[in-house]
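Written out below as C-alpha cells is the structure these notes cover.
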Amino acid sequence: MVHNPTGSHPAAPEPEVHGHGLRLRPWSAESEADVETWLRGQSDPEFRRWNTPIAPVTDLHSARASLRVKTAGAQDGATAPFCVEDAKTGTALGHIGVNAINTALKIGRVGYWVLPEARGRCVATRALLLVARWSFTELGLHRLELDHAVGHEASCRIAERCGFRYEGTMRGAVFEEGRHDAFRDAHLHARLATDPEPTGA
C-alpha cells in the first residue's frame, strides 16, 4: 500500500499479511465462522476482565453487528482489523487491529486479543511484531500506540517485548470491568518507526 501524503485515509488494507508463522487476513461479517470466532473472543471471561466494549457482544446477532462495525472502518482506512490465523493450519487464533489511523499525523493505535486455546504460544507477541512492521512499512505510520488497563501484566510484557516503550499512566482512560459508569487507569506504550527493531523480530 502506498502512503497517502495528503492526510486522507488510505484505501482498504492489504488483503493479507504473513510472517512469524501467522497469517493476518481481513475479517468478514458475512462469514459464519468469523462471527462465531468473534463472539468467542469478545465473550471470553479473560477478555471481559480487561475490556468493556461500548456495545457488549453476547450472542451471534450482536457479534455480527459488532464485526460489521469493525470491518466498516476498514473500508475508509480508519482501521485495519485482522483475524489472526496459524499460517500452516488456517486455525483462527485471535484478533489484532490498528485503530484510529490518522495519516496526517502518521499515528495509529493497536489492540488485540487471543482465543483461550491459543494462549501460551506467543500469538499476541508474534502478531504484534508483524502488524507493527506492516504499519510502519505499508501504512507509512510514524507512531503506533498501545494501551491496557493497569494490572494487565501480560499485556505490559507483550508490549515491551515488541519494542513498545512504557510512556506513562493515563488516568481514568478506560472503563472499569463490566461498567460504563466508572473508569480505571491505563498504561500507555508506544513504538516509533525510527525505533530499533526488537531483537529476534
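Taking a label point 7 Å from the Cα of His142 along the Cα→Cβ vector, which residues of segment 177-201 have an amide N closer than 20 Å to it?
Counting only backbone N, you get 189-197.
What are the principal axis extents of the Cα atoms in segment 46-96, in Å, biggest first?
Result for segment 46-96: principal-axis Cα extents of 34, 31, 21 Å.
Taking the square root of 5 times each eigenvalue of the Cα gyration tensor, what semi-axes in Å does the equivalent ellipsoid of segment 143-201 have, largest first?
25, 11, 8
Nearest 5 percent is fine: what portion of the DSSP beta bridges confined to the chain is antiparallel?
Looking only at bridges with both residues in the chain, the antiparallel portion is about 90 percent.
For the chain, what is the charge dipole size about the Cα centre, in debye to the nearest 20, if Lys and Arg each add +1 at the Cβ and Asp and Glu each add -1 at the Cβ?
320
With a cut-off of at most 15 other beta carbons within 10 Å, and DSSP calling the residue loop, which trypsin sites (Lys or Arg not before Pro) in segment 54-108 qualify? Please list them.
Sites meeting the loop and neighbour criteria: Lys88.
So, R0 is 30 Å and r is the distance between the beta-carbons of Arg48 and Gln75; what FRET efficiency does that work out to, to 0.05?
Approximately 0.60, to the nearest 0.05.
At q = 0.16 Å⁻¹, what is the log10 ratio I(q)/I(0) for the chain, with the Debye formula run over Cα points and no solvent?
After summing over all Cα pairs, the log10 values are -1.10.
Ordering Asp34, Asp195, Asp59 by accessible area with a probe of 1.4 Å, largest first, what comes out?
Putting Asp34, Asp195, Asp59 in descending order of accessible area: Asp59, Asp195, Asp34.
The values are calculated or read from the model by the stated rules, or taken from the named source; none is laboratory data. Remember, it's a predicted structure, so these values are computed and weren't measured experimentally. Counting neighbours? That spans all protein chains shown, and the Cβs are built from the backbone with ideal geometry, glycine included. For the accessible areas, the whole protein counts, side chains as well, though only heavy atoms, and no ligand, DNA or RNA atoms are used. Shrake-Rupley method; radii C 1.70, N 1.55, O 1.52, S 1.80 Å.
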